[in-house]
Amino acid sequence: MKLLSVNVSGPRSAVHRGRVIRTGIFKTPVQGRVMIRTLNIEGDAQADLTNHGGIHKAVYAYAAENYEYWKKELRREDLAPGQFGENLTAEGMTEEAVCIGDIFRIGGAVAEVSQPRNPCYKLGIKMGSQAFVQRFLESGRLGIYMRVLEEGEIGAGDPIERIESGPEGISVLELARLRNFGEDDLETARRALRIPALAPGIRQALERRLEKAGLPPGEAQ
């Protein structure tokens, strides 16, 4: 795996349904090396801290392979690093290849996979189509959120090394499908709850799912 681009943006204004909103989704590549901090990458910021950012969404990575998919699907050749709002455009970090709880060394930093992304209307603004948000969700090519275990410098060209595999072997794609389309998959929900790195919001949602079925977290069938 390899880091191809580091992308950041401060909040800026955009218009959505006649209303001015603030968003940090318009990310562009940076030159040289920057620091990954506990809450974000140096030079990056989020406008909506309720739904974006925080420890479990400190860094957002998107696979270069997904760019090739979307270029064909959308018939667009203008998709450049940062297009989907990601901090890291990375070769090999696909949703199928990466599991929840995997730990990676990226340049001088260490980060742990906590959850897949769920897109909001701001991605629609960036892509020029609100219909794209649902299309993105259904594709499963959502990208990967990570929390920072060790701060450090990173830059384009750095290797990305998996130094520890997450327990249960649940891929980011599998968890995304479980969260969004797998209401009845209680066994995978139970397995996901055994992963310490699982983001709290998803953990709570899965616990509620099991409780609704009358099953404690450890007793799904």
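None of the figures in this text is laboratory data; all of them are computed from the coordinates on show. Values in this document were obtained by computation on a predicted structure and should not be read as measured data. Note that each Cβ is placed from the backbone with ideal geometry, even for glycine, and that neighbours are counted across all protein chains shown.
Just a few scattered comments:
- In the chain, the calculated helix contribution to ellipticity at 222 nm averages -7500 deg cm²/dmol per residue, counting -39,500 (n - 2.57) for every DSSP H run with n ≥ 4.
- Selected from Val98, Val172, Val34 as most flexible by GNM, with the chain as the system and alpha-carbon contacts under 10 Å: Val34
- Over the chain, Cα pairs under 8 Å with separation of 6+ residues give a relative contact order of 24 percent.
- For the chain, the Cβ-based charge dipole about the Cα centre amounts to some 940 debye (Lys, Arg positive; Asp, Glu negative; other atoms uncharged).
- Gyration tensor (Cα) of segment 2-167, equivalent ellipsoid semi-axes in angstrom: 24, 18, 15
- Cα gyration tensor, segment 117-203 - rounded (a/c under 1.5), prolate or oblate: oblate
- In a DSSP loop and with at most 15 other Cβ atoms within 10 Å, the GluC sites (Glu not before Pro) in segment 80-144 are Glu96.
- Each Lys or Arg adds one and each Asp or Glu takes one away; over the other residues whose Cβ falls under 11 Å from the Cβ of Ser13, this sums to +3.
- Placing a label point 7 Å from the Cα of Arg33 along the Cα-to-Cβ line, the residues of segment 134-155 whose backbone N sits under 13 Å from it are 152-155.
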